[in-house]
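All remarks here apply to the structure that follows.
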Amino acid sequence: MMECCHDRSQDLVFSLDVATALLSSMSSTFNEEPNSSWLSPSSGSADVEGINLVQARLENQALRDQIAAQTHLIQLVTHQLATPLTSLSGSIQLLSELDLTPEQRQEFLEVVQQQVQRLQNLLQDLITIRDVETGEVQTRPIKFSIPALMDEVIAAFQSCPTVYQFSPDLPEVWGDRWQVSQVLVNLLSNAVKYSPNDSPIEVGAARLPSGWVEVWVRDHGLGIPLADQPRLFERFYRVKHGDRQHIHGTGLGLSLCKLLVENQGGQLGVDSTHGKGSRFYFTLPTNSDSSTAKGFAG
């Protein structure tokens, strides 16, 4: 399959080069002084040919971009699969040793379970992203309460000390309740994952001057280096720093959050200081007719 894509890419490059040369030749012809030949019946067919060449060039470029994007995605997925599969392979081989103690055998079994869970999370995130992008997951917006939804989501996190900061005049929001819940699950999961044990997580929401509602999740954990913040919502991007080498993830959670928030018409952002914590926030409309751009206050 990859070989076929490679051959097709070469054909596209050749076609693009030929089209470019022809367009260049046509350009020099059109720049010449007009003469009687322009009035001949063949001038119409030349114009059509030029338009077709331009269209072919654009289509070829679009196909080349698509192939490049697919190749990049395959490389990223392969990289994400390599680590858990290597760990699984090594642990399974060690489990076949006859002289293992029960404690050692249990330790390797736990590694296997962790890596299987990691692969399942990766697969689930990829499926969800695909379903949202292709429209398989339908958006069903309704009016709902953010504090009530936050309570439901936090209830699933055991022993998570939480501080609530909701404005008293907070209106209901308009959006797909399930999709917004997935955003909160991801943000809260990250807040717990990157925070010290028993460190409180702050959650809240307030009405913006634009009329939209801003929802946030704040932690006092590792924070994000400034250089990594512009790429934080890219698919498969993970911060590489010594203070989080032991923390695993798929690198898809925040890109999925961004996709789901934008599906509601809002925006997702972050304020973070390395070593002090992060505040992730997103905006939601309060009715179906909201027209304020993404809801951020100007």
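The values are calculated or read from the model by the stated rules, or taken from the named source; none is laboratory data. Quick caveat: nothing in here was measured; it's all calculated off a predicted structure. For neighbour counting, all protein chains shown are included, and Cβ atoms are generated from backbone atoms with ideal geometry for every residue, glycine included. Surface accessibility is based on the protein's heavy atoms, side chains included, excluding ligands, DNA and RNA. Shrake-Rupley method; radii C 1.70, N 1.55, O 1.52, S 1.80 Å.
Please determine, by comparing only the residues of the range 207-239 that are at positive phi and modelled with pLDDT of 85 or more, which one is nearest to the chain's Cα centre (by Cα).
Going residue by residue through the range 207-239, those that are at positive phi are 211, 223, 236.
From the residues that got through so far, the ones that are modelled with pLDDT of 85 or more too are 211, 223.
Details: GLY211: 27, GLY223: 20 Å.
The qualifying residue nearest to the chain's Cα centre (by Cα) is GLY223.
Name the one entry in ILE127, ILE92, ILE74 that is at pLDDT 75 or above, among the β-branched types (Val, Ile, Thr) and under 16 Å from LEU252 (Cβ atoms). Going through ILE127, ILE92, ILE74 in turn, just one is at pLDDT 75 or above, among the β-branched types (Val, Ile, Thr) and under 16 Å from LEU252 (Cβ atoms): ILE127. Any idea which of (1) in contact (Cβ under 8 Å) with a residue 24 or more places away in the chain; (2) of a type outside the set (A, V, I, L, M, F, W, C); (3) in a helix (DSSP H, G or I) is the one ASP228 doesn't satisfy? If we test ASP228 against (1) in contact (Cβ under 8 Å) with a residue 24 or more places away in the chain; (2) of a type outside the set (A, V, I, L, M, F, W, C); (3) in a helix (DSSP H, G or I), just (1) comes out false.
Being open to solvent by less than 60 Å² (accessible area, probe 1.4 Å), modelled with pLDDT under 95 and either within 22 Å of the chain's Cα centre (by Cα) or under 30 Å from THR86 (Cβ atoms) (or both) is a description that applies to GLN115. Does the range 261-278 contain at least one residue that is at pLDDT below 80, out of contact with any Asp or Glu (no Cβ under 6 Å at 6 or more places or on another chain) and over 16 Å from VAL173 (Cβ atoms)? No: zero hits. From the list SER199, SER195, SER159, SER145, the lone residue that is at pLDDT 95 or above and not aliphatic (A, V, I, L, M) is SER145.
The number of residues in the range 158-183 that are of a type outside the set (S, T, N, Q) and open to solvent by 90 Å² or more (accessible area, probe 1.4 Å) comes to 5.
From the list GLY242, GLY204, which one is out of contact with any helix residue (DSSP H, G or I) (no Cβ under 7 Å at 6 or more places or on another chain) and modelled with pLDDT under 90?
On the way: GLY204 fails: modelled with pLDDT under 90.
Matching residue, one of GLY242, GLY204: GLY242.
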